[in-house]
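Coordinate-derived values only; no laboratory data. From a predicted model like this one, the values you see are computed outputs, not experimental measurements. Note that we place each Cβ from the backbone using ideal geometry, even for glycine, and neighbour counts take in every protein chain shown.
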């Protein structure tokens, strides 16, 4: 028996959560590796192109036919601007910040985009969930406001920008008539071209010449095959099965996974702000994406002489 579309989408999101946790950890680990952000970006967008090249060639006409608006949302939302913002924010903060702010704030940004497009303003449980998300992010950054820690606040602000960009990507995926492979091609082709041009012109430095083999293999697996290929396919698949808003529930599990994995892998001890903020964000994402129960319609009364 074939699983329903909802079950398929949910399973895809669960695997995506695991890969996104690895992305958050790698964003933090990049600052201690022999690679630079441009190197990680080349792997992130280049590896999927190499693996999927024959399939992308067969889809070239459909990719070229995508309308400019959705294409810009996808390319900016998960392309070079998002990647560099996430990496810069991770270098200035912690893996817990990356894993909490970037996916955790997506429901709030997606809701804002939906309202801007004419959908109703969130109410009830959804509004309470969005408020909890905002409170959780405030709890994360509050201890760095008094006294001011400029680096952490800059990093948190950059991660908020990254989250807003990812919300654009989430909405854009819903607006294109492409399968997951075509969606990856639409994202990676221009992104790889842009990052390659920035490296060749010297705008962004590269450290490939002096990088260790271990770092190259690690980021190829995590960023290229994991985030770029597997998560890209699975997230696009989930969007088509569950929709943009419901797919944002992935953020409810990602922050917890990142915090738990950061302790043994990066030797990060979660401070009180993380212990308070992450559960608030998680609970907020769950509430924000709960589907309201539809009230049963009253059955029409049948006349006694009928």
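The figures follow:
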quantity: Between 0 and 90°, nearest 10: helix 80-92 axis offset from the chain longest Cα axis; calculated: 70
quantity: Among 231, 128, 213: highest mean-square fluctuation, GNM of the chain, C-alpha pairs under 10 Å; calculated: 213
quantity: Approximate spin-label separation residue 203-residue 50, in nm, with each point projected 7 Å along Cα-to-Cβ; calculated: 2.4
quantity: The range 136-276: relative contact order in percent, alpha carbon pairs under 8 Å with at least 6 residues between; calculated: 40
quantity: The chain: most fluctuating residue of 84, 49, 113 per GNM, C-alpha cutoff 10 Å; calculated: 113
quantity: Cα gyration tensor of the range 63-148 - equivalent ellipsoid semi-axes, whole Å, descending; calculated: 27, 22, 9
quantity: Three-way shape call for the range 126-167 based on the alpha-carbon gyration tensor, with the a/c threshold at 1.5; calculated: oblate
quantity: Ranked list, fewest to most other Cβ atoms within 10 Å of each Cβ, for 174, 120, 240; calculated: 120, 174, 240
quantity: Theoretical ellipticity at 222 nm over the chain - DSSP helices of four or more residues, -39500 (n - 2.57) apiece, nearest 500; calculated: -23000 deg cm²/dmol
quantity: Shape category assigned to the range 151-230 from the gyration tensor of Cα positions, a/c cut at 1.5; calculated: oblate
quantity: FRET efficiency, 1/(1 + (r/R0)^6) with R0 30 Å, evaluated for residue 18 and residue 143 via beta carbons; calculated: 0.55
quantity: The range 78-209, relative contact order [Cα under 8 Å, separation at least 6], %; calculated: 42
quantity: Ascending count of other beta-carbon atoms within 10 Å, so fewest first, for 72, 98; calculated: 72, 98
quantity: Residues in the range 144-181 that a label on residue 5 would reach, taking backbone N under 20 Å of a point 7 Å out along Cα→Cβ; calculated: 170-181
quantity: Kirkwood-type radius of the chain, with distances r between different C-alpha atoms, in Å; calculated: 20.1
quantity: Alpha-carbon centroid distance for the pair the range 108-143 / the range 1-68, whole angstrom; calculated: 26
quantity: Ascending count of other beta-carbon atoms within 10 Å, so fewest first, for 169, 235; calculated: 169, 235
quantity: Amide N of the range 1-45 lying under 12 Å from the label point, which is placed 7 angstrom from the Cα of residue 212 along Cα→Cβ; calculated: 32-35
quantity: Two-site FRET efficiency, residue 72 against residue 112, from Cβ-Cβ distance with R₀ of 22 Å, rounded to 0.05; calculated: 0.80
quantity: Listed residues 273, 22, 96, most fluctuating in the chain (Gaussian network, C-alpha, under 10 Å); calculated: 273
